[in-house]
Every structure is written in structure tokens, then in C-alpha cells.
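The values are calculated or read from the model by the stated rules, or taken from the named source; none is laboratory data. Just so it is clear, the model here is predicted, and its values are computed rather than measured. As a convention, Cβ positions derive from the backbone with ideal geometry for all residues, glycine included, and neighbour counts pool all protein chains shown. With ligands, DNA and RNA removed, areas are computed over all heavy atoms of the protein, side chains included. Shrake-Rupley method; radii C 1.70, N 1.55, O 1.52, S 1.80 Å.
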Amino acid sequence: EIDQKSDPLDSESYLPESGKPLVWVNGVVPANESISVHDKAEVQIKTAFADATILYSLDGSDPASGNLYDGPFTTGTSVTLRAIAYNVDFSQEASTLFTHQVEVVPTFAVSASTSGGGVIKIEPGLDRYPVGTTVTISAEADSGWQFLGWEGLTGESAEVQFTVTKDLSVKGLF
């Protein structure tokens with residue numbers, strides 16, 4: 001039985017007595033085989049075995065011939081994580097409950113500005129945008145001004161829609 005509280009180190013949480021390793025991704029024990037995170041995944045693996053040896057793989061292969069776990073690590077790419085734990089004398093072993101598919105989705109900054117003469121809006125309004133997000137940037141001219149175009153974007157329309165694939169900074173020209 002696994003009790004997953006908010007903090008894996010608090011006094012109310014515990015690890016399976018069987019020694020099965022538990023995996024945390026960005027401080028969360030995934031509830032199923034897949035988890036999606038933005039930009040990077042900090043991975044932590046724990047077992048109830050005292051003085052355990054934990055081995056892991058990031059490509060879905062047998063973790064018994066994988067990497068030696070020596071503490072939390074960070075990955076910026078998607079991985080297929082498996083882990084196995086051995087007790088101190090290697091007389092017992094236990095594998096993770098399932099193979100974890102950790103999808104790391106890159107995010108990008110999108111900003112828009114103007115030197116004056118109108119207002120620029122970005123929808124949706126996020127701090128960072130996951131790759132593949134559809135964004136609309138629109139310009140509205142102040143009274144007596146006319147929208148002329150964009151610096152940093154192609155097209156002369158006052159409303160432009162695009163899919164985020166990189167950082168982008170645009171300027172509305174009035």
C-alpha cells in the first residue's frame with residue numbers, strides 16, 4: 001500500500017514495505033504511468049530498503065543494467081523511466097509499480113509591445129506558452145491613430161494567430 005501525502009518526507013507519508021521504489025517528478029508521485037511537465041523534470045527515487053542500491057533507466061530498458069541512482073536529477077527531455085531497488089546485501093529486489101512516461105513539454109515566452117498609439121493584446125494571457133499553443137495577438141489603434149503593422153511578425157492584419165514554437169517578441173506599429 002502506498003500513502004502519497006503532499007510531502008514525501010513528512011511523518012505521514014511512507015514507502016511500500018516491499019521495497020518497491022517510488023518515483024517523484026517535480027515533487028509529485030505520478031498517479032498513473034504518464035505525467036506531463038513543463039520545461040524540466042526533477043526526478044527523485046526512494047525505497048523502503050535501508051542502505052539500498054537503486055538503479056534506473058531513462059529509455060524504458062531493464063533498469064538492472066542502468067544508471068546508479070545517487071540523488072535527485074533533472075532532465076529537460078522526455079524519458080521512459082524504470083527503476084529497481086536492492087536491499088543492502090542484494091538478497092531482495094523490487095521494481096517500480098509501472099514504467100513512467102515522463103513528457104517534458106518546452107515552454108516559450110511571447111511578448112508584445114508598442115511605442116504608443118494603441119493597445120496590444122495577447123490571448124491567452126500566460127507567462128509562458130507550451131509548444132504548440134495557439135496564440136492570438138491583436139492591435140487596437142487609439143483615436144486618431146492607425147495600425148501600420150508588426151515588427152517581428154509577418155502580415156499586416158491587426159489580428160494575427162500563430163502556433164508557438166519558440167520565444168517571440170513583437171512590436172505593434174501605429
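Observations on the model:
- Residue match in region 95-108 (condition: open to solvent by 70 Å² or more (accessible area, probe 1.4 Å) and at pLDDT below 95): yes
- Per the conditions (1) of a type in the set (S, T, N, Q); (2) open to solvent by 70 Å² or more (accessible area, probe 1.4 Å); (3) in contact (Cβ under 8 Å) with a residue 12 or more places away in the chain, the sole criterion not satisfied by residue 143 is (3).
- Restricting the first member to region 34-52 and to residues that are assigned to a loop (DSSP other than H, G, I, E, B) and among the small types (Gly, Ala, Ser), and the second to residues that are open to solvent by less than 60 Å² (accessible area, probe 1.4 Å) and at pLDDT below 95, the beta-carbon pairs closer than 8 Å and six or more apart or on different chains are 48/15; 48/16; 48/19; 52/19.
- Taking the criterion of being among the β-branched types (Val, Ile, Thr), assigned to a loop (DSSP other than H, G, I, E, B) and closer than 27 Å to residue 38 by Cβ, the residues of region 120-174 that qualify are 131, 133, 164, 165.
- Looking only at residues in region 109-119 that are part of a loop (DSSP other than H, G, I, E, B) and open to solvent by less than 60 Å² (accessible area, probe 1.4 Å), the one that is nearest to residue 148 (Cα to Cα) is 117.
- When residues of region 31-79 are limited to those that are at positive phi and out of contact with any strand residue (DSSP E or B) (no Cβ under 7 Å at 6 or more places or on another chain), the one most open to solvent (accessible area, probe 1.4 Å): 51
- Selection within region 10-30 - at pLDDT below 95, open to solvent by 20 Å² or more (accessible area, probe 1.4 Å) and under 16 Å from the mean Cα position of the chain (by Cα): 27, 28, 29
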